[in-house]
Amino acid sequence: MYLKVSDEAQVKLIPYIESKAVIILDLDDGVGKYSKMGICSLDTSFRLLILDQLQDKSDFDLTVDSDIGAIYIKDYSKRYLDEEMTLEVDPRLQVFKLKSPSGILDGNVPIVDLRP
């Protein structure tokens, strides 16, 4: 599996990459240390979590290769992802969207900076 990160998305992520932050593509399902609650919806919702190197990432036991390096995910969230995924910026709304050749998986992927 590979996550293509568009040039525009890379520009938005540069401050986190340069600070050596850990980037996580989190399926927001209410499971894990960094989830407050699940979303009661039929939609699949993802978010980008930003952690520092010392924060616990044990809930995220799989990595996905990407244009910006390894991105952590929950192992079971892989079932929602295709082999070729793209993270890009919606030009109109300036939000991240996660898509694959089969369509848009999540049209609004927020960044949640959880660093102390």
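The values are calculated or read from the model by the stated rules, or taken from the named source; none is laboratory data. Only a predicted model underlies this, so the values are computations on that prediction, with no experimental measurement involved. Note that we place each Cβ from the backbone using ideal geometry, even for glycine, and neighbour counts take in every protein chain shown.
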Exercise. Please state which one of 87, 114, 62 is in contact (Cβ under 8 Å) with a residue 60 or more places away in the chain and under 13 Å from the mean Cα position of the chain (by Cα).
Key: 87
Quiz item: Quick check: is even one residue across the stretch 93-106 surrounded by 13 or more Cβ atoms within 10 Å (Cβ to Cβ), acidic (Asp, Glu) and farther than 21 Å from residue 34 by Cβ?
Solution: no
Quiz item: Is there any pair with a first residue in the stretch 8-35 that is over 23 Å from residue 90 (Cα atoms) and a second that is at pLDDT below 95 and hydrophobic (A, V, I, L, M, F, W, C) whose Cβ atoms are under 8 Å apart and which are 6 or more apart or on different chains, and what are they?
Solution: 29/39; 30/37; 30/39
Exercise. Pairs only if they're at least six apart or on different chains, beta carbon under 9 angstrom, first in the stretch 66-81 and over 13 Å from residue 2 (Cα atoms), second β-branched (Val, Ile, Thr) and surrounded by 16 or more Cβ atoms within 10 Å (Cβ to Cβ); list them, first residue then second.
Key: 74/24
Quiz prompt | Number of the condition not met by residue 30 [criteria: (1) in contact with a Gly (Cβ under 6 Å, 6 or more places away or on another chain); (2) surrounded by 17 or more Cβ atoms within 10 Å (Cβ to Cβ)] | solution = (2)
Quiz item: For residue 1, are the conditions met, namely being at pLDDT below 95 and in contact with a Leu (Cβ under 8 Å, 6 or more places away or on another chain)?
Solution: yes
Practice problem: Consider residue 77 carefully, then state whether it is farther than 14 Å from residue 96 by Cα and either surrounded by fewer than 19 Cβ atoms within 10 Å (Cβ to Cβ) or out of contact with any Lys or Arg (no Cβ under 9 Å at 6 or more places or on another chain) (or both). | Solution: yes
